[in-house]
Structures are given as C-alpha cells and as structure tokens.
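**Student:** Shown below is the structure under consideration.
Just so it is clear, none of the values below were taken in a lab; they were calculated from the coordinates. What you are looking at is a predicted structure, and each value in this text was computed from that prediction instead of being measured. A quick note on method: Cβ atoms are made from the backbone with ideal geometry, for glycine too, and the neighbour counts reach across all protein chains shown.
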Amino acid sequence: MISAVKDILFGLTEPLPTSGKHMGFVKIPYSSNRSAYGFVPVPLAIVGGRAGPTVLLLAGVFGDEIDAQIGIARILRSLDPEKMKGRVIAMTMANLPAAQAGTRNSPLDGRSLNKSFPGDVFGTPTSVIADYIERSLMSVSDIVIDLHSEGRTMRYLPSATLIDHPDSGVQMRRLALARAFGAENVLRFRSFEDRSTSGAARRAGATRIGAEIGGDDPVGTIAHGVGRVLAWAGMTEMVAPTPDMRVLLTQREEDFVYAFSDGVFEPAVQLGDVVAAGDVAGYIHDLNRPFAESAAVHFSVGGIVVCTRGCSQTKRGDCLMHLAEEGGDEALVQFDEAGLLRWLGAQEKSGSKGKRSKRRARQ
C-alpha cells in the first residue's frame, strides 16, 4: 500500500529507481532569510514494474490548476508495480511554490515554469526545477504528458494538445500519443515551443503532449486519458472506452482575442460555440462608472470557441478567448495515419541505449 512507502529525498544528480513504489521530494536548493540551507521540496513519485517504457506525468506546472494535480494522485494510487510494465514518474505539483499559493507563477521568483526551460541549475527556484525536469526526468522518459485543467483565468474544452512540428516523424509521434489519450478534441497549436515542456521534451528525446481538461469530471477525464496512454504503450490494461474525437487547429494569429482596455470582462459566448467574424465575444465593463457603456469585444475571424476567460478583472493585453477550426482532409488523413504507429514497441526491441540515441538524431 502507498501508506507503507517511506518518504525519500531525491538529489539533483541521483539516478531514479526503476521498479517498486517510491515517493518523496526533490531537493531544489533555496537559501532564504528564514532558512540558510533550506530547499524547496518538490513532490516526486515513481511506480515501476517489469521492463518497459517510461512515462513522465506533470501537473502543477501552473499552480492554480488543481484538478490536474488531483488527477495524477488518483492515477498513482491505481498503479500496481506487480501488474505493470515500465515505469511512471510523476510530479503532482511541479512548480510547488505556485501550487501551494494557488497561483499560475511562483511567488518566490515570479516565474512561469512553462516559460523557463531549459532552465538553469544556478538560477532561481523555477529555473532549477525546469533544469531538473528536462535533464533528469525527461531524459529518461519515452513519453511526457503535461496535464492542465481549469485555472484562475482560462478554461478549455476537454482536449489533448500538441504543438505542430515541421519534422514529420516528431509530428506523427505527437499525433499518435494525442490520439491514444482519447480526449474529445485533439487541439493542434502553432507556437514557439522551445521554452515550454514541449521543446524541453523534444530536446531530451521524449515525445510530449499536453492536455487541457475541463468539463463535468476533469479528474476522471484525466485519469481515463492517462490510463489509455499506459494501455496503448503496453504498460497496463485499458481502463476506459475512447470517445469520438475531432481534430481542431489553432493556427491563425486572429484566433486569439485580447483585451484592449482595462475593466471587468464578461464573456458573451460559451465553450464549444461556433462564431462568425464580427460576432461579440464579450464586454469589458468599467464598474467605477456604472452608467458608462460597456466596450464590446468582437471576433476577427470565425471558428469554434475552445478557450475562454470567465468573468474577471481584465487588463489591456490579457487573452480573453481563442478559437480553433475543424481540421480539413489533410489533417484528418494525418491523424488516421498516426493511429497506425507503434513506435514504442520498436524501441523496446532495440534496447534503451539505442532507442535514446536514435530518437535524438531524429528530433
């Protein structure tokens, strides 16, 4: 039972266990006025069975996304090393100071973990955490799943997410993994990834997807999605049926709707709504002047509302919503072809050392 597992401390350079159940804390050095030789204790858990792939699960990259953190804890409690192949490494609260404060960024240094890679072992706490994740965790992982849920500012349609990559091999492995996760939507972004977990995983030789999970049962959706990936990778048995999936593309600059004035934002549409160019996205109110007319915010293009801010204080430059459009024939064909990939099985046969060097050469 997990209650019998003894807490241990993981140093920044120590090798990780490959089998059994282990939990404890990574020692992120942090000397403060309160503690001269202290450290930030970032939780780390490992469940390993027979030989097989390694999957890294991350939650709490943004500290205000609580459902994802609970979801990873539920997954860990369900795993039995005697009945699984491979290893699951998990951080329930990757940016611990932010998670404890319930904020997106760390209160210790103001940094966003997802904009801090590749990190710096001599930097601030968030930079050291980023360095450890990329250098010590992703480098020994085949798969990385960066789990997100509703935070203080934005919420999404339940989606597996990936950043498009020009290398067809990288792209197809990401699509295959997103398909295996089995969310209702697969959301493809075009964005700069090198400072994020996506770029970090690529540099480390792992395949990464994200997940943005809202809805009625986000914790259950996260647990089912990860369960499907573990089953797809041959590590455990299937735990949930796969729903119908659709491919959505967020590729245009105009898909993102921003505030151009300060005030209180009130959305006029809901997640999943189909909108046209010129439709009202919402209103920004100046509640200091209740008789003043509200400022309407309009969509520049049409599409499907996949992400929205709730009623909240808003400042010029804040993202309020973003859209996506249904993938066309080319995207759907690519998605179907990705479903035929079985790259993890081929890697297992070649041995872990050869697997790592070959994947780095491709990526």
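**Student:** Do the sum for the chain: with -39,500 (n - 2.57) for every DSSP H run of n ≥ 4, divided by all residues, what is the mean residue ellipticity at 222 nm, to the nearest 500 deg cm²/dmol?
**Tutor:** Per the formula, -7500 deg cm²/dmol.
**Student:** Okay, moving on. With 24 Å as the limit, write out which pairs from K21/K85; K6/K27; K21/K115; K21/K83; K115/K315 have Cα-Cα distances beyond it, or answer none.
**Tutor:** Flagged as over cut-off: K21/K115.
**Student:** Another one. Using Cβ contacts closer than 10 Å as the measure, can you line up E237, E184, E326 from fewest to most?
**Tutor:** Fewest to most other Cβ atoms nearby, the residues stand as E237, E326, E184.
**Student:** How would the range 89-163 be classified by its alpha-carbon gyration tensor: rounded, prolate or oblate, with rounded meaning a/c under 1.5 and the a/b versus b/c comparison settling the rest?
**Tutor:** oblate
**Student:** Report, in debye and to the nearest 20, how large the dipole of the chain comes out about its Cα centre when Lys and Arg carry +1 and Asp and Glu carry -1 on their Cβ.
**Tutor:** 1940
**Student:** Rounded, prolate or oblate: pick one for the range 99-257, where a ≥ b ≥ c are the square roots of the eigenvalues of its C-alpha gyration tensor, a/c under 1.5 means rounded, and failing that, prolate if a/b is larger than b/c, else oblate.
**Tutor:** rounded
**Student:** Working from the alpha-carbon coordinates of the range 254-324, get Rg over Rh, Rh being the Kirkwood radius.
**Tutor:** Result for the range 254-324 is an Rg/Rh of 0.96.
**Student:** Report the Cα centroid-to-centroid distance between the range 21-100 and the range 134-187 in angstrom, as an integer.
**Tutor:** Each part reduced to its Cα centre gives a spacing of 18 Å.
**Student:** Follow-up. When you take every Cα atom in the chain, what is the radius of gyration, and what is Dmax, the widest Cα pair distance, in Å?
**Tutor:** According to the Cα coordinates of the chain, Rg and Dmax are 20.9, 71 Å.
**Student:** For the range 151-193, just the Cα atoms, rotate onto the principal axes and tell me the three extents in Å, largest first.
**Tutor:** Computed over the Cα atoms, the extents are 35, 25, 11 Å.
**Student:** Same structure, new question: Work out the charge dipole of the range 284-348 with +1 on the Cβ of Lys and Arg and -1 on the Cβ of Asp and Glu about the Cα centre, then indicate which of L340, A324, A296 is farthest towards its positive end.
**Tutor:** The residue sitting farthest along the positive end of the dipole is A296.
**Student:** Arrange K315, K27 by Cβ neighbour counts within 10 Å, fewest through most, would you?
**Tutor:** K315, K27
**Student:** If I model a spin label as a point 7 Å beyond the Cα along the Cα-Cβ vector, how far apart are those points for D109 and K6 in nm?
**Tutor:** Spacing of the two 7 Å Cα→Cβ label points: 3.2 nm.
**Student:** Would you mind ranking V297, V144, V280 so that the residue whose beta carbon has the fewest other beta carbons within 10 Å leads the list?
**Tutor:** V280, V297, V144
**Student:** Another question, then. So if a site counts as exposed when it's one of the chymotrypsin sites (Phe, Trp or Tyr not before Pro), its DSSP state isn't H, G, I, E or B, and it has at most 13 other Cβ atoms within 10 Å, what's the longest stretch of the chain without one?
**Tutor:** Longest site-free region, per DSSP loop and neighbour criteria: 38-121.
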